[in-house]
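> The following block contains the structure, expressed as C-alpha coordinates.
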Amino acid sequence: MTERVTLTAEASALIAQLKAKYGTLMFHQSGGCCDGSQPMCFEKGDFILGQSDVCLGEIDGCAFWMNKDQFEYWQYTQLTIHVTEGRGSSFSLEIPLGYRFLTQSRMFTAEELQSLTPLKFVED
(Lines give C-alpha, C1' and ligand atoms only; values in the text may rest on other atoms or scores of the structure.)
Protein backbone atom coordinates (compact mmCIF):
# COMPACT_ATOMS: atom_id res chain seq x y z
CA MET A 1 0.00 0.00 0.00
CA THR A 2 1.13 3.55 -0.73
CA GLU A 3 0.95 5.84 2.28
CA ARG A 4 -0.80 9.17 1.80
CA VAL A 5 1.26 10.83 4.52
CA THR A 6 4.85 10.14 5.60
CA LEU A 7 7.43 11.94 7.71
CA THR A 8 11.11 12.69 7.87
CA ALA A 9 13.48 11.41 10.55
CA GLU A 10 13.66 14.92 12.02
CA ALA A 11 9.89 15.11 12.32
CA SER A 12 9.81 11.64 13.89
CA ALA A 13 12.34 12.71 16.53
CA LEU A 14 10.28 15.79 17.40
CA ILE A 15 7.08 13.71 17.60
CA ALA A 16 8.83 11.32 20.03
CA GLN A 17 9.82 14.29 22.20
CA LEU A 18 6.25 15.64 22.18
CA LYS A 19 4.76 12.20 22.93
CA ALA A 20 7.06 11.88 25.96
CA LYS A 21 5.69 15.15 27.30
CA TYR A 22 2.03 15.05 26.21
CA GLY A 23 1.11 11.42 25.52
CA THR A 24 -1.01 10.43 22.53
CA LEU A 25 -1.01 13.02 19.76
CA MET A 26 -2.97 13.83 16.62
CA PHE A 27 -2.34 16.05 13.60
CA HIS A 28 -4.68 18.24 11.57
CA GLN A 29 -3.52 19.92 8.38
CA SER A 30 -4.46 23.55 8.73
CA GLY A 31 -6.36 25.19 5.92
CA GLY A 32 -4.49 28.44 6.32
CA CYS A 33 -6.78 30.70 8.32
CA CYS A 34 -4.92 32.14 11.33
CA ASP A 35 -1.92 29.83 11.31
CA GLY A 36 -0.96 29.45 7.68
CA SER A 37 -1.18 26.15 5.87
CA GLN A 38 0.81 23.86 8.14
CA PRO A 39 0.27 20.63 10.01
CA MET A 40 -0.88 21.24 13.55
CA CYS A 41 0.02 18.84 16.38
CA PHE A 42 -2.35 18.49 19.33
CA GLU A 43 -2.87 16.17 22.26
CA LYS A 44 -5.38 13.60 21.03
CA GLY A 45 -8.85 15.02 21.52
CA ASP A 46 -7.76 18.66 21.94
CA PHE A 47 -8.81 19.43 18.37
CA ILE A 48 -12.48 18.73 17.78
CA LEU A 49 -12.99 16.83 14.55
CA GLY A 50 -16.13 17.31 12.52
CA GLN A 51 -18.03 15.42 9.84
CA SER A 52 -16.02 17.34 7.23
CA ASP A 53 -12.68 15.83 8.35
CA VAL A 54 -10.93 12.83 6.82
CA CYS A 55 -8.00 10.81 8.20
CA LEU A 56 -5.24 10.25 5.63
CA GLY A 57 -3.36 7.79 7.80
CA GLU A 58 -0.95 7.77 10.73
CA ILE A 59 2.55 9.06 11.28
CA ASP A 60 4.39 7.50 14.21
CA GLY A 61 1.06 6.33 15.62
CA CYS A 62 -0.59 9.75 15.35
CA ALA A 63 -3.71 10.12 13.21
CA PHE A 64 -3.31 12.76 10.48
CA TRP A 65 -6.54 14.60 9.62
CA MET A 66 -7.56 17.13 6.98
CA ASN A 67 -10.77 18.85 5.96
CA LYS A 68 -12.55 17.03 3.09
CA ASP A 69 -12.69 20.22 1.00
CA GLN A 70 -8.95 20.71 1.35
CA PHE A 71 -8.35 17.02 0.60
CA GLU A 72 -10.04 17.51 -2.78
CA TYR A 73 -7.04 19.65 -3.78
CA TRP A 74 -4.40 17.36 -2.21
CA GLN A 75 -5.83 13.92 -3.02
CA TYR A 76 -3.28 13.21 -5.76
CA THR A 77 -0.26 14.09 -3.63
CA GLN A 78 1.74 12.31 -0.98
CA LEU A 79 2.38 14.54 2.01
CA THR A 80 5.69 14.39 3.85
CA ILE A 81 5.76 16.00 7.27
CA HIS A 82 9.04 17.73 8.02
CA VAL A 83 10.21 20.13 10.72
CA THR A 84 12.09 23.41 10.56
CA GLU A 85 13.45 25.85 13.09
CA GLY A 86 11.34 28.91 13.81
CA ARG A 87 8.19 29.77 15.64
CA GLY A 88 5.17 29.75 13.41
CA SER A 89 2.02 31.59 14.44
CA SER A 90 0.21 28.47 15.55
CA PHE A 91 -1.30 26.61 18.49
CA SER A 92 0.65 23.48 17.58
CA LEU A 93 2.54 21.77 20.43
CA GLU A 94 6.02 22.13 18.91
CA ILE A 95 5.92 25.94 18.70
CA PRO A 96 7.23 26.64 22.25
CA LEU A 97 10.25 24.44 21.44
CA GLY A 98 11.29 26.78 18.63
CA TYR A 99 10.25 24.47 15.79
CA ARG A 100 7.33 24.06 13.46
CA PHE A 101 6.10 21.19 11.37
CA LEU A 102 5.67 21.79 7.65
CA THR A 103 4.14 19.83 4.81
CA GLN A 104 6.00 18.97 1.64
CA SER A 105 4.15 17.25 -1.19
CA ARG A 106 4.72 15.37 -4.41
CA MET A 107 2.35 13.94 -6.99
CA PHE A 108 1.60 10.22 -6.81
CA THR A 109 2.66 8.09 -9.75
CA ALA A 110 -0.03 6.28 -11.73
CA GLU A 111 1.02 3.02 -10.06
CA GLU A 112 0.85 4.53 -6.57
CA LEU A 113 -2.66 5.85 -7.22
CA GLN A 114 -3.79 2.23 -7.66
CA SER A 115 -2.60 1.21 -4.17
CA LEU A 116 -3.37 4.10 -1.83
CA THR A 117 -4.14 3.42 1.81
CA PRO A 118 -7.87 3.80 2.50
CA LEU A 119 -9.21 6.97 4.05
CA LYS A 120 -10.99 7.02 7.42
CA PHE A 121 -13.82 9.31 8.36
CA VAL A 122 -14.93 10.71 11.72
CA GLU A 123 -17.87 8.31 11.91
CA ASP A 124 -15.58 5.24 11.37
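The values are calculated or read from the model by the stated rules, or taken from the named source; none is laboratory data. What you see is a predicted model, and the numbers here were worked out from it, not measured in a lab. Because the Cβ atoms are built from the backbone with ideal geometry, glycine has one as well, and the counts that use them run over all protein chains shown. Just so you know, the surface numbers come from the protein's heavy atoms only, side chains and all, with ligands and any DNA or RNA stripped out. Shrake-Rupley method; radii C 1.70, N 1.55, O 1.52, S 1.80 Å.
> From the protein chains alone at 1.4 Å, what is the descending order of accessible area for ARG87, ARG100, ARG4, largest first?
Details: ARG87 165, ARG100 75, ARG4 30 Å².
Ranked list, largest accessible area first: ARG87, ARG100, ARG4.
> To test your reading of the geometry: what angle, between 0 and 90 degrees and rounded to tens, separates the Cα axis of helix 9-22 from the longest principal axis of the chain?
60 degrees
> Springs between alpha-carbon atoms under 10 Å, Gaussian network over the chain: tell me which of GLU43, GLU85, GLU111 tops the mean-square fluctuations.
Maximum fluctuation in the GNM of the chain, among the listed residues, is at GLU111.
> With a 1.4 Å probe and every protein chain kept in, tell me what percent of the accessible surface of the chain is carbon plus sulfur. Present the calculation step by step, with values, prior to reporting the outcome.
Details: 3540 of 6740 Å².
Carbon and sulfur together cover 52 percent of it.
> Okay, moving on. What's the magnitude of the charge dipole for the range 85-124 around its Cα centre, counting Lys and Arg as +1 and Asp and Glu as -1 at the beta-carbon? Answer in Debye, nearest 20. Write down the numbers at each step before the final one.
Working: 4 positive and 6 negative charges, 47 e Å.
Around 220 debye, computed over the range 85-124.
> Return the subset of LYS44/LYS120; LYS19/LYS44; LYS21/LYS68; LYS21/LYS120 for which the Cα-Cα distance in this structure is over 19 Å, preserving the input order. Before the final figure, lay out the partial values.
On the way: LYS44/LYS120 16 Å; LYS19/LYS44 10 Å; LYS21/LYS68 30 Å; LYS21/LYS120 27 Å.
LYS21/LYS68; LYS21/LYS120, as the Cα separations exceed 19 Å there.
> With a bin width of 10 angstrom, please list the P(r) values of the chain as percents of all Cα-Cα pairs, from the 0 bin to the one holding the largest distance.
Histogram of Cα-Cα distances, whole percents per bin: 13, 48, 33, 6, 0.
> Suppose all protein chains stay in the model; what accessible area per residue would a 1.4 Å probe give for the chain, in Å²? Walk me through the numbers on the way to the answer.
Values: 6740 Å² over 124 residues.
Per residue, the chain has 54 Å² of solvent-accessible surface.
> Here's something else I'd like to know. In the chain, with Lys and Arg counted as +1 and Asp and Glu as -1 at Cβ, which of these residues, PHE42, THR24, THR84, has the Cα nearest the positive end of the dipole, that is, farthest along it?
It is THR84.
> Which value, in debye to the nearest 20, gives the size of the charge dipole of the chain about its Cα centre, when Lys and Arg are +1 and Asp and Glu are -1 at the Cβ?
Details: 9 positive and 16 negative charges, 52 e Å.
Dipole size: approximately 260 debye.
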